[in-house]
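The values are calculated or read from the model by the stated rules, or taken from the named source; none is laboratory data. Only a predicted model underlies this, so the values are computations on that prediction, with no experimental measurement involved. Every residue, glycine as well, gets a Cβ built from its backbone with ideal geometry; the counts of neighbours run over all protein chains shown. Heads up: the accessible areas ignore ligands, DNA and RNA and are worked out on the full protein's heavy atoms, side chains in. Shrake-Rupley method; radii C 1.70, N 1.55, O 1.52, S 1.80 Å.
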Amino acid sequence: MKKILALLLVIVVVLAGVACGNATEKTKEPPQIASLELKPQNGEMSVGDKKYVTLVVSPENALAEGLVWTSSDTTIATVDNEGLVTALTAGEVTFTVTAPNGVTASNHVAVYYFEEKDIIVSAVAIDLVVGDTHALKVTFEPENASDKTLKWQSSNEKVATVDENGKITALTKGLATITVETAKGLKKTVTVSVTNPIVWHKAGMYEVGKDIPAGTYYIVATGNISAYFRVDKDTYGKLSSIVANDNFSTFTYISVSKGQYLTVERGQFTLAEDAPLPKPIDGVYGEGMYLVGRDIPAGKYLLTNVSDYRAYVAVSKNCSHSFRAIITNDNFSNTKYISVKKGQYLTVVRAEFTLVK
């Protein structure tokens, strides 16, 4: 019995020792903050900026809790409990952080007002289809301009709207001008052209007035060889049935009337009013048939032959492709000048051309 009591006493003593050891470990606290440092010691900010101050705590394992941040002038800049500084007006300010044990650190910040000198918009003109959206971006010069407030406005909200972030939404066919203005009054504009979704008709034979409405159509080649179209007055398939026909490599226009038949091979077509606008490369237009006033501006053009064969140019009063519609035409080997007026059609084959200013 005495041996059993002695053994129990030893176990109790051992367990008590373990418990005391664990208690000692649990009550061990992290070291107190010995020093604080704010970086940078001397900083610069622009009015409207928000930045975090970098806080260095020593020793690294010290518990950084209960810190108090203060600003020497909250009208110039404020600082929150996380060290986030918000610059409000031009001036100089000192920020101080204080630990619960009284250790402090400070830094000095100069707040400047940088006035914008210019703004650059990501586009000057854009083409959209009804339902499309496009986000414009604005870059300030200098980049650290203090007031980057922008005001957006559309000249025609029935055609296109723009929100406070510069996002454009195309609503109906037409033109609109988007204006962006800074707080200082600097303005830039963007021209927006909105078209209807293009409905393309594939190659085939169509009865005008039944399969397609009468009107003017834009036909574009889709193959590696020339496309072809023909307008017939009936379906007898005779030469006398042909009203107009032509081969072309890029695009052309044709007008058709009710009762006629339009055949298109190796191409597709859509109503002329919905056709995409040609996009010149560095001001240079390529081969095709152009409606003056829509596809190209009226004026004088310089044409340059780009093939080993003679180039061809024609100016027509309409797009019927009849000889009677031709105002002037010519074949040329090198260069040629031609003047066109609004409403006319300019056809260019094996040549490129530029507007003479």
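Within the range 285-304, is there a residue that is in contact with a Lys or Arg (Cβ under 7 Å, 6 or more places away or on another chain), of a type in the set (S, T, N, Q) and either modelled with pLDDT under 95 or within 28 Å of I338 (Cα to Cα) (or both)?
No, the range 285-304 contains no residue that is in contact with a Lys or Arg (Cβ under 7 Å, 6 or more places away or on another chain), of a type in the set (S, T, N, Q) and either modelled with pLDDT under 95 or within 28 Å of I338 (Cα to Cα) (or both).
For E164, are the conditions met, namely being within 29 Å of A275 (Cβ to Cβ), part of a loop (DSSP other than H, G, I, E, B) and not hydroxyl-bearing (S, T, Y)?
Against the criterion (within 29 Å of A275 (Cβ to Cβ), part of a loop (DSSP other than H, G, I, E, B) and not hydroxyl-bearing (S, T, Y)), E164 does not qualify.
Just to be sure before I move on: is E143 modelled with pLDDT under 95 and either in contact with a Pro (Cβ under 7 Å, 6 or more places away or on another chain) or surrounded by 15 or more Cβ atoms within 10 Å (Cβ to Cβ) (or both) in the structure I sent?
no
Out of everything in the range 109-121 that is open to solvent by 70 Å² or more (accessible area, probe 1.4 Å) and over 20 Å from I76 (Cα atoms), what residue ends up being modelled with the highest pLDDT?
I120
So which of E60, E44, E115, E65 is over 30 Å from V194 (Cα atoms), of a type in the set (D, E, K, R) and touching a Lys or Arg at 6+ places or on another chain (Cβ under 9 Å)?
Being over 30 Å from V194 (Cα atoms), of a type in the set (D, E, K, R) and touching a Lys or Arg at 6+ places or on another chain (Cβ under 9 Å) holds for just one of E60, E44, E115, E65, which is E115.
Name every residue in the range 45-63 that is assigned to a loop (DSSP other than H, G, I, E, B), under 29 Å from A183 (Cα atoms) and open to solvent by 30 Å² or more (accessible area, probe 1.4 Å), in order of residue number.
Across the range 45-63, the qualifying residues are G48, D49.
Please count how many residues of the range 177-218 are touching a residue at least 60 places away in the same chain (Cβ under 8 Å), assigned to a strand (DSSP E or B) and either open to solvent by less than 60 Å² (accessible area, probe 1.4 Å) or basic (K, R) (or both).
11
Restricting attention to the range 295-318, which residues are of a type in the set (F, W, Y) and open to solvent by less than 60 Å² (accessible area, probe 1.4 Å)?
Answer for the range 295-318, where residues must be of a type in the set (F, W, Y) and open to solvent by less than 60 Å² (accessible area, probe 1.4 Å): Y301, Y312.
Can you find a residue in the range 10-28 that is open to solvent by 50 Å² or more (accessible area, probe 1.4 Å), modelled with pLDDT under 90, in a loop (DSSP other than H, G, I, E, B) and under 30 Å from N144 (Cα atoms)?
The answer is no; no qualifying residue exists.
Could you list, in sequence order, the residues of the range 276-332 that are in a loop (DSSP other than H, G, I, E, B) and either within 23 Å of D232 (Cα to Cα) or among the hydroxyl-bearing types (S, T, Y) (or both)?
Of everything in the range 276-332, those that are in a loop (DSSP other than H, G, I, E, B) and either within 23 Å of D232 (Cα to Cα) or among the hydroxyl-bearing types (S, T, Y) (or both) turn out to be S307, Y309, K317, N318, C319, S320, H321, S322.
Quick one: which residue in S46, S58 is within 42 Å of the chain's Cα centre (by Cα) and of a type in the set (G, A, S)?
One residue alone meets the criteria, S46.
Considering only residues of the range 167-176 that are among the β-branched types (V, I, T) and outside any loop (DSSP other than H, G, I, E, B), which is surrounded by the fewest Cβ atoms within 10 Å (Cβ to Cβ)?
T169
If you take the residues of the range 146-161 that are among the small types (G, A, S) and assigned to a loop (DSSP other than H, G, I, E, B), which of them is surrounded by the fewest Cβ atoms within 10 Å (Cβ to Cβ)?
S155
For the range 219-232, check the following and say yes or no: at least one residue is within 28 Å of the chain's Cα centre (by Cα) and assigned to a strand (DSSP E or B).
yes
In the range 233-249, which residues are part of a strand (DSSP E or B) and either of a type outside the set (V, I, T) or touching a Cys at 6+ places or on another chain (Cβ under 7 Å) (or both)?
Hits for the range 233-249 are A244, N245, D246, N247, F248.
List pairs: first residue in the range 266-284 and under 10 Å from I198 (Cα atoms) and among the acidic types (D, E), second residue open to solvent by less than 50 Å² (accessible area, probe 1.4 Å) and in a strand (DSSP E or B) anywhere in the structure, Cβ distance under 9 angstrom, at least six positions apart or on different chains.
E273/T195; E273/G215; E273/T216; E273/Y218; D274/T195; D274/Y218
Mind telling me which of the residues V256, V348 ends up being more than 34 Å from the chain's Cα centre (by Cα) and under 24 Å from A227 (Cβ atoms)?
The match here is V256.
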